[in-house]
Amino acid sequence: MTLHARRLVVVVSMLSLLQGTSAQAAADAPVIHVFVNNSCIVADEPYFVPQVAKDGTEQMTPKFLPLLGLVVGKLVELFIKTEIEGGAHAIKAKGARKDTRYALTHQMNLYRAELSSAPTLSINSSLGCMTIVAANLKPPATACTADYIPRTLAPESMAAPQDQWQTTRIDNSVENVLRRADICVDGQAAAVYEARFEFSEDGTAYRLKDAGYRINSLLTTQDKGARRSTVYTLKVSQPGTTDQQEVLSSAWVNLGVLAAGAASTGSKRDAAPWLRVPPLTQEARRVYDEKTRDHQAVMGEIEALKRAMTRNQRLLDGLGHRAQVASGDIAAGLLQERTHVAVELQTQSAELDALNAEYRELPHEPLEFMPVTIEVAVTETESEKKLQLALADIIGNNSGLVAASLSGAATSALAKSLSTTDLKLGADAADQQFPWTRAQAHYFDAVVAARSAPPGAATLNAQRELQEAKRQYNAARQAAGLEALP
């Protein structure tokens, strides 16, 4: 064999080896998985305190710290019913960045209607914390909760403040903590990030707050000494008939410069700006109205009856007081009117009981509305400048809608958020969910008034007021894209 031929064989062998190594590296690359729950899996892990039972045996009882809600062995109802799987929806090659790892959901419903006591629409489930796990997981059928080793409180630290508590547990690895939620990591997790969702009292605005991270290795390089500017993004989109989806909400958490071995218990800053919660789309509003029409009608009359009974009770008390200080025919007339109001109040009470019974017979299973897809991405870049360019690329032109820098520096062009004048921090009882709420309440007040009006001119007046209230209510419904009442 000639020297040239031997060199060619060596080059081909090296290329084959490199290809094999690249293929193996791609196969071993961690996949991004995302879990959403009402509390953080890692940051809110409870301490367990040994207690002695009556039979002398030692039992493990959780001692919950603030913001805990995750029970060992059970994930409380998930906002996203299953984990967000990186392979669930492949991102097109032209849209994927080499410095970014993605995860996408199947379609899910953003809003949930509770019907147990009254139709109440809110963000789906108890959305409290997002946990991003960069790791290869064991097969879906694998269960590992039983292998979780609890964080047992050391007896000598029980008297200390909670932030100084110590544990007797030996295995404090993040893989062990994840087993508490039955997240079974195959090997070692590359990284785990957590962010809390915070909502305004009326649910119209939200913000994310860094709840901590553990970085065993960077996602874009195996170099142990490498440092990368790291950010993770959340994008909520409305599915469409084409590949182009309407982005409803975009937000991100900037963690700054990280390296392998980095860890944090979360940002202590409360300066994260408020972001607008994606409102119900017109189609979702129409579906909600259609599915809950009977509930709204019965509950509307119930609330109107309660208001009427409150007014009558005040009138009853006032007439009684006036009758006590009056005399003669005036006192007699006041007592007669008081008797009439008392009878009407009793009748309304019976109607209220009947309406409550009617509402109890309606279906009470929660309903979900407004399908969306959620994309989570983790980006690692070599500089802060490249990070800003990456954010602009990932978020696109929708950052001005609800996007904001959530825990680090970002350019003002990207960090657009709500001003305090745009934000409602408390619920308005007369306008809790929809712009037509006032008109709806006025309509049902008129329904109750017309039903209880005495014969004669009062009945005619009540009917005219009812027709006007109905006209106003239908105008408000049609302006919102809903069908008018017949």
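Quick one: Karplus J couplings for the stretch 437-445, per residue in order, coefficients 6.51, -1.76, 1.60, θ = phi - 60°, nearest Hz, x for Gly and Pro?
My calculation for the stretch 437-445 gives 4, 4, 5, 5, 5, 5, 5, 6, 4 Hz in order.
Full extension from Ala350 to Leu362: what is 0.36 nm times the residue separation minus their Cα-Cα distance, to one decimal in nm?
Working: separation 12, 0.36 × 12 = 4.32 nm, distance 1.91 nm.
That pair, Ala350 and Leu362, stretches by 2.4 nm at full extension.
Once you sort the root eigenvalues of the Cα gyration tensor of the stretch 131-220 as a ≥ b ≥ c, which label holds: rounded (a/c under 1.5), prolate (a/b larger than b/c) or oblate (the other case)?
Taking the square roots of the gyration eigenvalues as a ≥ b ≥ c, the stretch 131-220 is oblate.
List Asp329, Asp182, Asp171 from most exposed to least, where exposure is judged by having the fewest other Cβ atoms within 10 Å. Present the calculation step by step, with values, prior to reporting the outcome.
On the way: Asp329 8, Asp182 16, Asp171 12.
With the sparsest Cβ surroundings first, the list reads Asp329, Asp171, Asp182.
How many percent of the alpha carbon pairs in the stretch 164-264 exceed a separation of 17 Å? Walk me through the numbers before you get to the answer.
Values: 3382 of 5050 pairs.
Here the tail beyond 17 Å accounts for 67 percent of pairs.
Explain nothing, just compute: Karplus ³J(HN,Hα) = 6.51 cos²θ - 1.76 cosθ + 1.60, θ = phi - 60°, for every residue of the stretch 338-351 in order, whole Hz, x for Gly and Pro.
5, 5, 4, 5, 5, 5, 4, 5, 5, 4, 5, 5, 5, 4
Give me Ser267, Ser122 sorted ascending by neighbouring Cβ count inside 10 Å, so fewest comes first.
Working: Ser267 19, Ser122 15.
Placing the least packed residue first, the sequence is Ser122, Ser267.
Along the stretch 31-43, what does the Karplus equation 6.51 cos²θ - 1.76 cosθ + 1.60 (θ = phi - 60°) give for ³J(HN,Hα), rounded to whole Hz, x for Gly and Pro?
Along the stretch 31-43, the couplings run 9, 7, 10, 10, 10, 10, 8, 7, 8, 7, 5, 8, 5 Hz.
Please work out whether the stretch 249-328 counts as rounded, prolate or oblate from its C-alpha gyration tensor, where a ≥ b ≥ c are the square roots of the eigenvalues and a/c under 1.5 means rounded, while otherwise a/b larger than b/c means prolate and anything else oblate? All intermediate terms of the calculation are to be shown ahead of the outcome.
Numbers: a/c = 5.74, a/b = 2.24, b/c = 2.56.
Oblate shape, in that a/c is at least 1.5 and b/c is the bigger or equal ratio.
What are the residues whose amide H is under 5 Å from the amide H of Ala211, where those residues sit 5 or more places off or on another chain and H is modelled from the backbone?
Glu194, Ala195, Arg196, Ser267
Values quoted throughout were computed directly from the atomic coordinates according to the rules given, and no laboratory measurement underlies them. Please read all numbers here as calculations on a predicted model, not as lab measurements. Counting neighbours? That spans all protein chains shown, and the Cβs are built from the backbone with ideal geometry, glycine included.
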